[in-house]
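For reference, the structure discussed in these notes is given below.
The values are calculated or read from the model by the stated rules, or taken from the named source; none is laboratory data. Small disclaimer: the values here were computed from a predicted structure and weren't measured. For neighbour counting, all protein chains shown are included, and Cβ atoms are generated from backbone atoms with ideal geometry for every residue, glycine included.
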Amino acid sequence: MSRTVINSIEIIGIADEFPKSPKYFSEFSIPYDILIPCEKPNISSILSVIIKSEISSLNVIDTPIRISNDGTKLSGNKLMVELKIIEQIKYVSEELTNCVYILPNNIIKTLQIVVPSTIHGEKLIDLFRKNKIIVKTYFEDAYFEIIDDRNIYSNLSIMVNVENF
């Protein structure tokens with residue numbers, strides 16, 4: 001993880017390196033608004049944001065073997081990944097004392113990754129049961145902007161990769 005400064009905000013958690021030749025992955029962006037809870041003071045500026053993730057759940061689901069309407073070749077299996085994104089936003093309040101506050105924020109995202117039903121002669125479901133499937137998350141980019149004294153707009157660009165195939 002690196003420290004990157006974007007729009008005068010230090011972002012901690014953007015990936016330094018990415019998989020060289022990913023085969024089975026999903027890339028997506030999550031745009032969202034963050035409302036500052038009423039028990040926290042109004043925001044004046046954002047100092048830094050720490051972003052990290054956890055895989056909350058990983059399951060194998062069966063699919064038909066065919067080409068989907070969007071052109072994706074379905075192999076008979078997908079990995080269903082539930083991703084928990086954890087943010088800590090450090091901000092300066094509008095109070096006269098300009099105190100610094102931490103605003104925790106969590107996002108849950110569920111995604112699917114098409115994978116082959118057999119890897120090196122072993123069924124995907126057997127690899128799953130043996131805990132041999134490794135899924136990693138890479139934050140490609142992050143954007144945060146204060147909309148008003150109670151709202152922050154954010155957009156995260158993320159890659160989720162199945163590592164051991």
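The table for this structure:
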read-out	value
Selected residue (criterion: nearest to Lys90 (Cα to Cα)) from residues of the range 123-145 that are without any contact (Cβ under 8 Å) to a residue 60 or more places away in the chain and in a loop (DSSP other than H, G, I, E, B)	Ile134
Residues that are crowded, with 16+ Cβ neighbours inside 10 Å and under 17 Å from Val160 (Cβ atoms), drawn from the range 10-21	Gly13, Ile14, Ala15
Number of positions in the range 45-70 that are touching a residue at least 60 places away in the same chain (Cβ under 8 Å) and over 20 Å from the mean Cα position of the chain (by Cα)	2
Qualifying residue in the range 48-68 (condition: in contact with a Pro (Cβ under 9 Å, 6 or more places away or on another chain) and surrounded by 12 or more Cβ atoms within 10 Å (Cβ to Cβ))	no
Pick from the range 146-164, criterion more than 12 Å from the chain's Cα centre (by Cα) and part of a strand (DSSP E or B), ranking: farthest from Leu35 (Cα to Cα)	Val162
Residue that is modelled with the lowest pLDDT, among those in the range 50-92 that are among the acidic types (Asp, Glu) and farther than 29 Å from Pro104 by Cα	Asp70
Among the residues listed as Lys90, Lys73, Lys84, the single one being touching a residue at least 40 places away in the same chain (Cβ under 8 Å) and within 30 Å of Ile146 (Cα to Cα)	Lys90
Number of the condition not met by Phe18 [criteria: (1) without any contact (Cβ under 8 Å) to a residue 40 or more places away in the chain; (2) under 30 Å from Ser75 (Cα atoms); (3) hydrophobic (A, V, I, L, M, F, W, C)]	(1)
Residue list for the range 90-109, restricted to those being part of a loop (DSSP other than H, G, I, E, B) and of a type in the set (Ser, Thr, Tyr)	Thr97
Verdict on Ser57 being of a type outside the set (A, V, I, L, M) and either farther than 30 Å from Val5 by Cα or not in a strand (DSSP E or B) (or both)	yes
Any hit, the range 25-41, residues being outside any strand (DSSP E or B) and either touching a Gly at 6+ places or on another chain (Cβ under 9 Å) or within 15 Å of Tyr153 (Cα to Cα) (or both)	yes
